[in-house]
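The values are calculated or read from the model by the stated rules, or taken from the named source; none is laboratory data. Because the structure is a prediction, the values reported are computed rather than measured. Every residue, glycine among them, receives a Cβ derived from its backbone with ideal geometry; neighbour counts consider all protein chains shown.
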């Protein structure tokens with residue numbers, strides 16, 4: 001789970017913004033902990049100490065990304081690096097996606113097992129979005145990523161990527177970048 005950003009567009013640490021009585025990040029943590037994914041890793045960077053104090057990680061382990069200011073690639077490398085020796089795939093989700101579910105994460109795993117695809121990407125309303133399952137065949141390329149990029153660039157060049165279409169009634173893939181996003185997401 002990538003949760004290391006500075007939340008500059010939000011104006012404050014959005015991951016701690018209350019949503020239904022819990023920090024925004026806690027919703028994604030709970031979804032990951034409810035899934036078959038193991039191990040669960042939360043990558044923290046900006047405000048890591050405060051965030052770690054205010055969430056309940058459950059079975060998740062916190063990994064610190066001290067290079068978070070260099071962009072998302074450093075968080076992706078830190079998260080994948082923390083599980084690479086123990087896992088044949090990584091399900092990457094964002095800490096600011098509070099309406100994803102454990103069932104959605106399980107569906108990504110099931111789809112990869114069914115197809116053998118190198119990656120399984122979610123799509124909603126015709127738009128691709130995390131969470132995304134990345135097979136270990138991609139881990140070496142992920143280790144080379146730099147800057148404010150995720151795996152999208154790696155996947156764009158591949159034909160062995162499958163998609164899971166996500167109905168809005170089952171889960172919402174929206175992420176929260178601004179206070180207005182949160183207002184629109186949860187009226």
message: Among (1) surrounded by fewer than 20 Cβ atoms within 10 Å (Cβ to Cβ); (2) modelled with pLDDT of 95 or more; (3) touching a strand residue (DSSP E or B) at 6+ places or on another chain (Cβ under 8 Å); (4) closer than 26 Å to residue 58 by Cβ, there is one condition residue 172 misses while meeting the rest; what is its number?
response: (2)
query: Just to be sure, is residue 162 outside any helix (DSSP H, G or I) and crowded, with 18+ Cβ neighbours inside 10 Å?
result: no
- request: Would you check if there is a residue in region 134-157 being under 13 Å from the mean Cα position of the chain (by Cα), surrounded by 14 or more Cβ atoms within 10 Å (Cβ to Cβ) and modelled with pLDDT of 95 or more?
  value: yes
query: Where in region 48-117 are the helices (runs of 4 or more DSSP H), entirely inside, with at least 3 residues that are surrounded by fewer than 19 Cβ atoms within 10 Å (Cβ to Cβ) and out of contact with any strand residue (DSSP E or B) (no Cβ under 9 Å at 6 or more places or on another chain)?
result: 48-54, 102-115
